[in-house]
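I have placed the structure first, in the form of structure tokens, so that the comments after it can refer back to it.
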Amino acid sequence: HRIESLHHLIGAKLYDVGWQELAKSGYLARVMCVEVNCPITREFGLEYTSKQKLLEAGRRLRVEEGGAARRSDTGNSRMHDTTPMLVMLAAANPNKMKTVLQLVAAHRSDKVLLFCDHILLLKVYAQLLNCPVVSGETSHKDRLMIFSDFQAVGGKSCNIICISRVGDVSVNLPSANVVIQVSSHGGSRRQEAQRLGRVLRPKDSVAITGARQKALAGSFPTTSESEWLRGVLDRGDAADANAYFYSLVTEFSVEAPYATRRSEFLVDQGYPFYAVLAPPPTQAPPTAFKAKLESSGYSMHARSAAQQRSGSSTINRPQKAMAPVAIPDAAVDDIWSVEWQLRFLARIISGWEIKFFAASTAEAEAYVSHS
């Protein structure tokens, strides 16, 4: 009833202007939106199929005649726990990591925000790209330092930040001109608009190096696998764009319908949303690109500054003795290794099984206490 009376309280809309009109007038950046569909790797695909069958079996167990749910079935909790697992497996697809490397190589002179809702994956991407992480765990001082270095230009500047959903709102980074969205919160159109808003600040076209002119030049071998990105950046409207929004989606997964819903809002605002298929590169990037990532040193610089305040001089890294609970170290060459992918998959599955066991135990205890 309050929503119905809103029009009466505030009156009719007096003026409305579309986002594209504001972009043409120079009040907003000219953003090119691309949905990048990534095939899932064999190892992750097999596990995804297994969990999907478990989900469907749980659904069948829960349905009685007339559609009533059997709350006492063990499949009840499994159905609720396997769906997040499917989302996690789709988000952790190693082919997404390879595609991210392609995009970072193409936009190596731009300011990139990599969004990921899963903290585990966020830390893996930070290791892979040798860049800082901003999440709910990041202190206010460290966050301000990272943002300041991101805005800076020069040797001590930072060109990439891996950021969680804390960056959806209340983050002012005018220099950001590329967003790479690895995972998201379901089909939330609000989140899609908020993340696009991180690169909507008006840009100085002269100061920004266009990705169209440097697409993969010297960064990846010239193969058919990189043609999808060349095709995107060689489009006519890409020449006019001064900001880019990439949404990475695992093909034929639970992410696909979510991505369609999320893009609807941007399409309604007049943004053309291009969908492309990105074949995973079979070769790692050349030594020059890997050396640049490894020598950027920003994450070491940021951590060292934080450790100087705490009196520590060493860099804390995950201990391999904690495997498979520990995060497997990620280097550029690692993600092409089947061994690393299997260790990474084991880490994800073990985390889910621990959570599932805890939820099942709590459910059983609650059932016993109410019996």
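Going by the alpha-carbon gyration tensor, a ≥ b ≥ c the square roots of its eigenvalues, is the stretch 2-66 rounded (a/c under 1.5) or, if a/c is not under 1.5, prolate (a/b greater than b/c) versus oblate?
It comes out oblate by the Cα gyration axes.
Legend: residue pairs Lys98/Lys290; Lys98/Lys203; Lys141/Lys290; Lys111/Lys290, Cα-Cα distance threshold 22 Å; pairs beyond threshold, Lys98/Lys203; Lys141/Lys290. Model label sites at Glu4 and Ser157, defined 7 Å from Cα along the beta-carbon direction, differ in position by 5.5 nm. Solvent exposure of His140, expressed as accessible area, is near 130 Å², computed with a probe of 1.4 Å over the protein chains only. Rounded, prolate or oblate for the stretch 115-160? Axes are the square roots of the Cα gyration tensor eigenvalues, ordered a ≥ b ≥ c, and the cut-off for rounded is a/c under 1.5. Oblate shape, in that a/c is at least 1.5 and b/c is the bigger or equal ratio. Using the Cβ-Cβ distance between Tyr274 and Trp336 with R0 set to 22 Å, the FRET efficiency works out to roughly 0.20. With all protein chains present, calculate the accessible area of Lys141 using a 1.4 Å probe and round the result to the nearest 10 Å². Approximately 140 Å² of Lys141 is accessible to the 1.4 Å probe. You can think of it this way: the chain between Val169 and Glu227 has 17.4 nm of extra reach, that is 0.36 nm per residue less the Cα-Cα gap. Tell me which chymotrypsin sites (Phe, Trp or Tyr not before Pro) from the stretch 1-64 have a DSSP coil assignment and no more than 14 other beta carbons within 10 Å of their own. Passing both the DSSP loop test and the Cβ count: Tyr15, Tyr27. The residues of the stretch 95-208 have, on average, 35 Å² of accessible surface per residue, using a 1.4 Å probe with all protein chains present. Summing charges over neighbours of Gly167, with a neighbour being any other residue whose Cβ is under 11 Å away from its Cβ, gives +2 when K and R count +1 and D and E count -1. Residues with beta-carbon under 13 Å from that of Leu114, excluding Leu114: net charge, scoring Lys, Arg +1 and Asp, Glu -1? Net local charge, Leu114 excluded: +4. The label point for Leu14 and the one for Asp204, both projected 7 Å from the Cα toward the Cβ, are 3.6 nm apart. With R₀ set to 25 Å, the beta-carbon distance separating Lys292 from Asp329 gives a calculated FRET efficiency near 0.85.
The values are calculated or read from the model by the stated rules, or taken from the named source; none is laboratory data. All figures in this text were calculated on a predicted structure; none of them were measured in a lab. So basically every Cβ, Gly included, is an ideal-geometry build from the backbone, and we count neighbours across all protein chains shown. In case anyone asks, the SASA skips ligands and DNA or RNA and just uses the protein heavy atoms, side chains included. Shrake-Rupley method; radii C 1.70, N 1.55, O 1.52, S 1.80 Å.
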